[in-house]
Amino acid sequence: MYSRDEVKAITDKIFNMADGHEVEVALVGSERSGTRWANSTITTNLIQYNRQLTINVRIGSKVGSAFTRDFTDAGLKEALAEATTDANAAEDSPNLRPLLGAQEYLPVDAALPSAVNFGPRERAMMVKTSADICEKLGVLGSGYIPKTYQTDCTANTNGLFAYYSYAETAFILTCRMPDGSGSGWAGTTGIKDVSMIDPVALTEVAAGKALKSRNAQALEPGRYTVILEPRANARFLSLATRIFNQPGGGGQFGGGGGGRGGGGGALPFMEGKKPGDKILGDLFTLKSDVGNPILRQTTMMPDFTPAEPVTWAENGVLKNVAGGPNGPRANVNMSVSMGGSDLSTEDMIKQTRRGLLVTFFWYIRGVDNQTLLNTGMTRDGLFLVENGEITRPVQNFRWNMSPLVGYNNVSLVGKPVPMHMGESYDGSGSGLIPPVRIEDFYMTSVSPAV
């Protein structure tokens, strides 16, 4: 949205106006846009621009603040004067920390031209490609292509210049039979390089699932071997990341999936655990791969100190815990990367004697915060696997499961792909997530969802 040179010109201009006072400036500029379609027809093209400067002035141990969206010289002078007046009238802040000085961050180029220039025309072409395939196959497609192009920078008179600019998009598609008898999902998120999106392949996957999911048959509830595709595994993983946070250490995804089981604090599961202890299955590895060339996410901490790659668990062994004065220089939710292999989902199906292929988890809610027990439903494609082949569609299930149990029962992992871990597809939260095969996954009852 704003280049490094453009932002530096603005911040330097403010510092030169500051009459020797200590000043901190936070600049945000963003474009949020997107294309939605339903029944294979575009319904919405939206775009929103925003920019804001926050100026903090320090006079001794007093601090004053002002905000402005006017980036002209007159607007900057007015905001600076307001912040200075506010500082003169403020009470002393005896515990005020010194301004952070210059920092060195791992380099990351997150605003690639393909995503920066990804506008409504390019999105419409993807929708047209997808809709043509849907029409040919006799399904209806509904989807969303969001785009975010944003610059964030915090700079101060002590030399700090914490600049990060990124542009990313996604392709989300649900295909349904016109009579509602079948549904399939496919997608990818957090994409910085638009060439990574293949609308043909994604549409063929979603449409194929819709066609194959017709005439689904009910199975008895019980414990099943399941292959969770990357989207389902991403949602399941989001329920587990809290275990790597010390109390008060903070974690974006929390516990309980955002439902009744949410909340902070230590878990009984982690009491007495320390780095070097085995906590999950041999095939579970989780990292904050700061600087990853696919994710291209920020390489700075919330306090603008540099972040670094961190391994949280390796082959089920606890390696690090976030939070506390001696915690690692990354948050659990930074550049999430779950360990995998070169296996495709199809390869994993071939290696499965009997189980369920799960496309999507919907409506996840916490049941027990202490054990991270959650409940949810499958959706948009559930299939029975027998002797290495998909044999028939299955009616959806409600499930009850804790990731603490599930990730102790992983028997295969596949190739990681970018996938959002939250309920929505916008904003930060994508990681590199593989499909996984989990044994004894508890399906509690049949669900009428398609």
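The values are calculated or read from the model by the stated rules, or taken from the named source; none is laboratory data. Just so we're clear, the structure is a prediction, and the values are computed from it rather than from any experiment. Here the Cβ positions follow ideal geometry from the backbone for every residue, glycine too, while neighbour counts run over all protein chains shown. Accessible surface areas use protein heavy atoms only, side chains included; no ligands, DNA or RNA. Shrake-Rupley method; radii C 1.70, N 1.55, O 1.52, S 1.80 Å.
Points to keep in mind about this one:
- Only one of 167, 186, 155 that is under 30 Å from residue 21 (Cα atoms) and surrounded by 21 or more Cβ atoms within 10 Å (Cβ to Cβ): 155
- Only one of 286, 228, 237, 295 that is within 22 Å of the chain's Cα centre (by Cα), under 30 Å from residue 155 (Cβ atoms) and modelled with pLDDT of 95 or more: 295
- Residue match in the stretch 17-30 (condition: among the acidic types (Asp, Glu), open to solvent by 60 Å² or more (accessible area, probe 1.4 Å) and either closer than 30 Å to residue 138 by Cα or in a loop (DSSP other than H, G, I, E, B) (or both)): yes
- When we screen 288, 335 for residues that are surrounded by 23 or more Cβ atoms within 10 Å (Cβ to Cβ), in contact with an Asp or Glu (Cβ under 6 Å, 6 or more places away or on another chain) and not hydrophobic (A, V, I, L, M, F, W, C), the only hit is 335.
- If only residues of the stretch 219-232 that are part of a loop (DSSP other than H, G, I, E, B) and not acidic (Asp, Glu) are counted, the one that is surrounded by the fewest Cβ atoms within 10 Å (Cβ to Cβ) is 221.
- In this structure, residue 384 does satisfy being at pLDDT 95 or above and either closer than 13 Å to residue 213 by Cβ or open to solvent by 10 Å² or more (accessible area, probe 1.4 Å) (or both).
- Checking every residue in the stretch 7-15 against the condition of being modelled with pLDDT under 95 and either assigned to a loop (DSSP other than H, G, I, E, B) or open to solvent by 60 Å² or more (accessible area, probe 1.4 Å) (or both) gives zero matches.
- The condition of being surrounded by fewer than 20 Cβ atoms within 10 Å (Cβ to Cβ) and either part of a strand (DSSP E or B) or among the small types (Gly, Ala, Ser) (or both) holds for only one of 426, 440, that being 440.
- Among the residues listed as 79, 90, 66, 38, the single one being open to solvent by less than 60 Å² (accessible area, probe 1.4 Å) and touching a residue at least 60 places away in the same chain (Cβ under 8 Å): 38
- Applying the set (1) of a type in the set (A, V, I, L, M, F, W, C); (2) open to solvent by 40 Å² or more (accessible area, probe 1.4 Å); (3) over 26 Å from residue 128 (Cβ atoms) to residue 47 leaves exactly one unmet item: (3).
- Some residue of the stretch 198-218 being outside any helix (DSSP H, G or I), charged (D, E, K, R) and open to solvent by less than 20 Å² (accessible area, probe 1.4 Å): no
- Scope the stretch 170-183; condition open to solvent by 50 Å² or more (accessible area, probe 1.4 Å) and in contact (Cβ under 8 Å) with a residue 60 or more places away in the chain; matching residues: 176
- Test: residue in the stretch 245-268 that is modelled with pLDDT of 95 or more, in contact with a Gly (Cβ under 8 Å, 6 or more places away or on another chain) and open to solvent by less than 60 Å² (accessible area, probe 1.4 Å): no
- Qualifying residues in the stretch 129-149 (those that are open to solvent by 30 Å² or more (accessible area, probe 1.4 Å) and of a type outside the set (A, V, I, L, M)) - the one nearest to residue 30 (Cα to Cα): 149
- Any hit, the stretch 412-419, residues being in a loop (DSSP other than H, G, I, E, B), closer than 25 Å to residue 190 by Cα and out of contact with any strand residue (DSSP E or B) (no Cβ under 8 Å at 6 or more places or on another chain): yes
- Unique residue being closer than 24 Å to residue 108 by Cβ and in contact (Cβ under 8 Å) with a residue 40 or more places away in the chain when the list is 334, 301: 334
- Count of residues meeting criterion [touching a helix residue (DSSP H, G or I) at 6+ places or on another chain (Cβ under 9 Å), assigned to a strand (DSSP E or B) and not hydrophobic (A, V, I, L, M, F, W, C)] in the stretch 393-411: 1
- Residue match in the stretch 343-355 (condition: open to solvent by less than 30 Å² (accessible area, probe 1.4 Å) and in a strand (DSSP E or B)): yes
- Test result for residue 117, within 30 Å of residue 19 (Cα to Cα) and of a type outside the set (Lys, Arg): no
- When we screen 361, 441, 397, 383 for residues that are within 22 Å of the chain's Cα centre (by Cα) and in contact (Cβ under 8 Å) with a residue 12 or more places away in the chain, the only hit is 361.
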